[in-house]
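Single-structure report; data block below.
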Amino acid sequence: MKKFFSILVLLFVISACNNSKKELLATANTEEEGKTTVSFLEKDLKVYTTAKDTDLKHALTNEVTFTSYNQPHEGEISIFVNPDKTFQEFLGIGGAITDASAEVFATLSAEKQNQLLQSYFGAEGNNYNILRTSIHSCDFSSASHTYVEEGDAELKTFSIEHDREFRLPMIKRAASIIGDDMVFYASPWSPPAFMKTNNNMLQGGKLLPQYNQAWANYYVKFIEAYEAEGLPVWGLTIQNEPMAVQRWESCIYTAEEERDFLKNFLGPTLEKAGMGDKNVVVWDHNRDLISHRANTIFDDPEAAKYAWGIGFHWYETWAGGNPMYDNLKNIKESYPTKNLLFTEGCQEAFDANEYHRWTNAERYGNSMINDFNSGVVGWTDWNILLDETGGPNHVGNLCFAPVHADTKTGELIYTPTYYYIGHFSKFINKGALRVSTTSSRSTLESTTFKNGDGEMVTVVMNKTDNPVAFKLIIEDSQVELSIPSRAMQTIIY
């Protein structure tokens, strides 16, 4: 009897071991299924470089082949890319066509107009696919204006006739180059004066409660009018910088006020108009207070259902050297189904003697790399074109753009910022997936995307005054590379 019992126990142990082995194999197979089957060993790689105090601008500077990986050591600088760990889907990169941009554009010769459009939107240029514009005027307009006559709450006089002179022609030409990948969205800086507590489009103020519905209807009218011009509107932001009282067009919403306007008025109004597919972006302000806005709106199911995501600018704490990227990471962790979109950034305090100030470009590079690594899906620069004064701007808020036009000579001035943005936008395609990328030293900043055709794009920035030798290590393969001082590189493989 004891012998029989011992045999049963032995059989049970063998069976349990076999089952455990099967479970381990199943786990291993499951983990293996997520791994790439592509080896980079002996694959070719190309490096494109822009560097300070050189003629290098998106220049092909290196072509090498991956070799077998060697264990990195302390003191070496390495960038590690793991193609099996992918994150957010890339929406695109672009900029804003404001009244100011369009007015300056109209002063250019036909040749220069075409050059500018191809430089930004052409496949051989920066390949932009995102466009932002304002709903009626903003500071980068020659004067304040709205689409209705004063006091017309029923919007019977609504007309975008003002935009037909400069803005619409430029947007249409850009859209024709971009094609189906275009992401076009709009933002209001202020409701009409009669709808506000201060009876002024400038200097802050708030939307009067009795005009909540009229203002929601205004967005619908705008979308209808622009789409009647053949411009499909991807979405809109509720309010540009809703916590800033500006000397230009501005309007204040607390987090609760924006939440309630979205869930009680704007969201239902868009849905009723058959525009439930339009993407609504909340906040549209800086990174410092973004978490509070996200918590307030996204924790309310009735408001959150209308919000595609949250937009942000970069003006909060840059002077102090702390751009608050961790706030973006926190939102992505807290609300993984909501999207992060950079909606505006520019270098302030225009100085015509500083067109080629390299730190302006490095501000863009730092923000773009860290924003994307924080989960951001798209990145929108501010004005794509300004004149030699940093305007026009009807309140003197003059700024830099990646490209300026000297209206006296008719020439275009391309700043380093234009080329730094292009290190992302020229090579990363809509629909690409961000790939796990880290650096062994803070000397280099880097991010990677994988395009739909499998092509890998790694962007590396060196802000130091010395060239840096580094290894790019991916799975069983590596290459030894070098980046010049004060440079940006895009690595394609």
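Of the residues 243, 195, 275, 182, only one is out of contact with any Leu (no Cβ under 8 Å at 6 or more places or on another chain) and either at pLDDT below 95 or not small (Gly, Ala, Ser) (or both); which?
Values: 243 fails: out of contact with any Leu (no Cβ under 8 Å at 6 or more places or on another chain); 195 fails: out of contact with any Leu (no Cβ under 8 Å at 6 or more places or on another chain); 182 fails: out of contact with any Leu (no Cβ under 8 Å at 6 or more places or on another chain).
Matching residue, one of 243, 195, 275, 182: 275.
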Of the criteria (1) surrounded by fewer than 23 Cβ atoms within 10 Å (Cβ to Cβ); (2) outside any loop (DSSP other than H, G, I, E, B), which one residue 331 fails: (1)
Which listed residue, of 422, 396, is closer than 29 Å to residue 178 by Cα, in the same structural domain as residue 137 (by TED's automatic domain parsing) and at pLDDT 95 or above: 422
Within region 353-393, tally of residues that are touching a residue at least 60 places away in the same chain (Cβ under 8 Å), in a loop (DSSP other than H, G, I, E, B) and under 12 Å from the mean Cα position of the chain (by Cα): 1
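Wholly within region 177-293, which helices (runs of 4 or more DSSP H) include no fewer than the required count, namely at least 1 residues that are in contact with a helix residue (DSSP H, G or I) (Cβ under 8 Å, 6 or more places away or on another chain) and in contact (Cβ under 8 Å) with a residue 60 or more places away in the chain? Steps first, please.
Values: elements: 212-228, 255-261, 267-272.
Filter on region 177-293 gives 212-228.
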Residue, surrounded by the most Cβ atoms within 10 Å (Cβ to Cβ), within region 166-202, restricted to residues that are under 17 Å from residue 145 (Cβ atoms) and touching a Lys or Arg at 6+ places or on another chain (Cβ under 9 Å): 190
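The values are calculated or read from the model by the stated rules, or taken from the named source; none is laboratory data. Values in this document were obtained by computation on a predicted structure and should not be read as measured data. Every residue, glycine as well, gets a Cβ built from its backbone with ideal geometry; the counts of neighbours run over all protein chains shown.
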